[in-house]
Amino acid sequence: MPPVTAIPAHSAAGITLVSVACALDEDALVRAGVSRKSAESMRRCAAWTTTYPLQRVKKRRRVEAICPMLSPALTSRGLVFAHAAMDEREPSLERLDDLLREAADRFEAEVVCPDPRLRCLVLILPEVRGGRLIEATDPSRGIKNELLQRGILVGEFFPSCPFATTFNPRLFALRSPSPMYVLRSFIELDWRFICQVPEWQESYRDRFGEPPPRLRHLGGPLWRLKQKISWRIDAIRRRFLPGTSDPSELES
């Protein structure tokens with residue numbers, strides 16, 4: 001991992017990989033040639049990524065961190081940050097495809113730690129409209145499944161991200177300070193994140209076989225019905241009883 005004052009050379013796609021310590025040091029980033037605006041975005045996203053997911057919340061019968069893998073990833077130095085200067089709010093979807101492929105190449109070649117399941121690359125794209133990230137990884141386009149087949153799960157984070165956590169429909173934990181993609185190792189427990197798309201299910205089964213028994217109901221007809229009912233109840237609650245529930249206290 002590079003020291004805080006070192007910035008690796010840009011790749012063909014303009015990606016710069018840095019350590020957690022470097023991403024948190026805005027002045028060092030600027031001294032190394034990163035624009036002040038980009039350095040600020042990287043620092044804010046790094047501060048959010050390394051703290052917010054550590055908050056402990058109720059998940060059914062247990063209480064644990066929003067992302068229980070973050071703490072061991074930090075300990076093992078498996079978390080790396082990156083910045084790519086896109087210079088436009090609505091880059092072409094093909095350009096974002098190329099960027100994700102480049103990030104995946106860098107992830108495979110340069111992000112290392114003792115436990116490969118803990119590898120994670122946070123790619124910050126401050127200039128890009130957040131919703132554009134979702135448009136690029138829509139199931140119909142195939143890029144997300146392409147990365148799944150390489151053993152990489154990609155997630156979309158941005159300030160107004162509409163996706164709630166799988167364990168709590170009222171906790172929107174993907175609302176980062178700036179738009180960013182998160183690439184990490186695809187693991188067996190990720191069935192919960194890919195179970196609603198048949199092509200993604202196929203890629204999962206090719207790699208892991210059937211999901212663990214306790215996750216097999218996810219994505220099924222009854223589960224989808226319960227999700228819809230939960231969303232409608234929540235919408236009614238927000239309309240008529242605003243401010244009556246704390247997302248960190250509720251279960252799905």
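The values are calculated or read from the model by the stated rules, or taken from the named source; none is laboratory data. All values reported here derive from a predicted model rather than from experimental measurement. All Cβ positions, even for glycine, are placed from backbone atoms using ideal geometry, and neighbour counts span all protein chains on display.
Here are some notes:
- The set of residues in the stretch 58-88 being of a type outside the set (A, V, I, L, M, F, W, C) and within 16 Å of the chain's Cα centre (by Cα) consists of P68, S71, G78, H83.
- Residue in the stretch 151-169 that is in contact with a helix residue (DSSP H, G or I) (Cβ under 9 Å, 6 or more places away or on another chain), aliphatic (A, V, I, L, M), assigned to a helix (DSSP H, G or I) and closer than 28 Å to R205 by Cβ present: no
- Subset of the stretch 183-207 (residues that are of a type in the set (A, V, I, L, M, F, W, C) and crowded, with 20+ Cβ neighbours inside 10 Å): L183, F186, W191, I194, C195, W200
- Beta carbons closer than 6 Å, at least 6 apart along the sequence or on distinct chains, pair a first residue in the stretch 126-137 that is part of a loop (DSSP other than H, G, I, E, B) with a second that is polar (S, T, N, Q) and crowded, with 16+ Cβ neighbours inside 10 Å for P126/S41; P126/S178.
- Being exposed (fewer than 15 other Cβ atoms within 10 Å of the Cβ) and either under 23 Å from R175 (Cβ atoms) or among the basic types (K, R) (or both) is a description that applies to R36.
- Subset of the stretch 88-107 (residues that are touching a Leu at 6+ places or on another chain (Cβ under 9 Å) and assigned to a helix (DSSP H, G or I)): L96, L99, L100, R101, A103, A104, R106, F107
- Given (1) assigned to a loop (DSSP other than H, G, I, E, B); (2) in contact (Cβ under 8 Å) with a residue 24 or more places away in the chain; (3) touching a Pro at 6+ places or on another chain (Cβ under 7 Å), index of the condition R175 fails: (2)
- As a summary of the residue check, R56 satisfies the conditions (1) at pLDDT below 95; (2) farther than 23 Å from T165 by Cβ; (3) not aromatic (F, W, Y) except for the one numbered (2).
- Filter result for I194 (at pLDDT 95 or above and either closer than 30 Å to V34 by Cα or touching a strand residue (DSSP E or B) at 6+ places or on another chain (Cβ under 9 Å) (or both)): no
- The stretch 153-168 - residue that is surrounded by 21 or more Cβ atoms within 10 Å (Cβ to Cβ) and not aromatic (F, W, Y) and, of those, nearest to P126 (Cα to Cα): E156
- Condition met for T5 (surrounded by fewer than 17 Cβ atoms within 10 Å (Cβ to Cβ), of a type in the set (V, I, T) and at pLDDT below 85): yes
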